[in-house]
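Here the structure comes first, spelled out in structure tokens, and everything after it is commentary.
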Amino acid sequence: MSQKYFTPETETMSREELGALQSSRLKDMVRRCYENVPLYKQRFDEMGLKPEDVNGIEDIKKLPFTYKTDLRDNYPLGMLAVPREKHSRVHASSGTTGKQTVVAYTKEDLDMWATCCARALTAIGATADDFVHVSYGYGLFTGGLGIHYGAEKLGAAVIPVSTGNTSRQMRCI
């Protein structure tokens, strides 16, 4: 197992430590959303909720829900919490049930996503000695590129087959 992507200090922390980490991150996220996303500022103000009213993970129940319609109503980039110039990639849903929902990523977001995918691959036993056959699509869906870059972070060889063509998939495997 790759020690780089198995991190016992975070993956086996105590319930108290985990709660403190979640609380810290929640408070930061609430503040950023309130300050930068008009929809959240409006919803918080309508509820009489200020970012400083959220003191920890136990206060998550105070927060308004985000619905898929919110993402569609603010299409394409109305829900960004950081300036547009900090984004380096955009992904989206397929839009099969309506307008696509769009997600913009910063370089830091993409690195974190690749690290999460490397951790997931590590958890199932993948190592730098493996080949990773990526059969997810490489379009707007985040899965294909996430697993691709996660496998590369792990040091594994990537076979970027993408979707379809079952006989080609079998030959590659």
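The values are calculated or read from the model by the stated rules, or taken from the named source; none is laboratory data. What you see is a predicted model; the values in this text were computed from it and never measured. Heads up, the Cβs are rebuilt from the backbone with ideal geometry, glycines too, and the neighbour counts pull from every protein chain shown. Quick note on the areas: whole protein, heavy atoms, side chains included, nothing else; ligands and nucleic acids left out. Shrake-Rupley method; radii C 1.70, N 1.55, O 1.52, S 1.80 Å.
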Q) Any residue at all in the stretch 24-36 that is surrounded by 12 or more Cβ atoms within 10 Å (Cβ to Cβ), on the phi < 0 side of the Ramachandran plot and not in a helix (DSSP H, G or I)? A) no
Q) Can you name the residue in the stretch 148-165 that is open to solvent by 70 Å² or more (accessible area, probe 1.4 Å) and in contact with a helix residue (DSSP H, G or I) (Cβ under 7 Å, 6 or more places away or on another chain) and, of all such residues, is nearest to Gly125 (Cα to Cα)? A) Tyr149
Q. Inside the stretch 120-173, can you point out the residues that are closer than 20 Å to Glu11 by Cβ, over 21 Å from the mean Cα position of the chain (by Cα) and hydroxyl-bearing (Ser, Thr, Tyr)?
A. Thr127
(Q) Suppose we filter the stretch 152-170 for residues that are over 18 Å from Gly137 (Cα atoms) and among the basic types (Lys, Arg); how many remain? (A) 1
**Q.** Members of the stretch 132-147 that are in contact with a helix residue (DSSP H, G or I) (Cβ under 9 Å, 6 or more places away or on another chain) and either surrounded by 20 or more Cβ atoms within 10 Å (Cβ to Cβ) or of a type in the set (Phe, Trp, Tyr) (or both)
**A.** Val134, Tyr136, Tyr138, Leu145, Gly146, Ile147
Q | helices (runs of 4 or more DSSP H) lying entirely in the stretch 81-173 (those with 1 or more residues that are within 30 Å of Lys41 (Cα to Cα)) | A | 107-123, 142-154
Q) Name the residues in the stretch 81-102 that are open to solvent by 40 Å² or more (accessible area, probe 1.4 Å) and at pLDDT 90 or above, would you? A) Val82, Pro83, Arg84, Glu85, Lys86, Ser88, Arg89, Val90
(Q) Could you go through the stretch 50-73 and let me know if any residue there is open to solvent by 40 Å² or more (accessible area, probe 1.4 Å), touching a helix residue (DSSP H, G or I) at 6+ places or on another chain (Cβ under 6 Å) and not aliphatic (A, V, I, L, M). (A) no
Q. Being outside any loop (DSSP other than H, G, I, E, B), touching a residue at least 24 places away in the same chain (Cβ under 8 Å) and touching a Gly at 6+ places or on another chain (Cβ under 8 Å), is that true of even one residue in the stretch 54-64?
A. yes
Q.
Considering only residues that are exposed (fewer than 15 other Cβ atoms within 10 Å of the Cβ), farther than 22 Å from Leu77 by Cβ and of a type outside the set (A, V, I, L, M), which ones fall in the stretch 105-129?
A. Cys116, Gly125, Thr127, Asp129
Q. Quick one: is Leu140 modelled with pLDDT under 95 and touching a strand residue (DSSP E or B) at 6+ places or on another chain (Cβ under 7 Å)?
A. yes
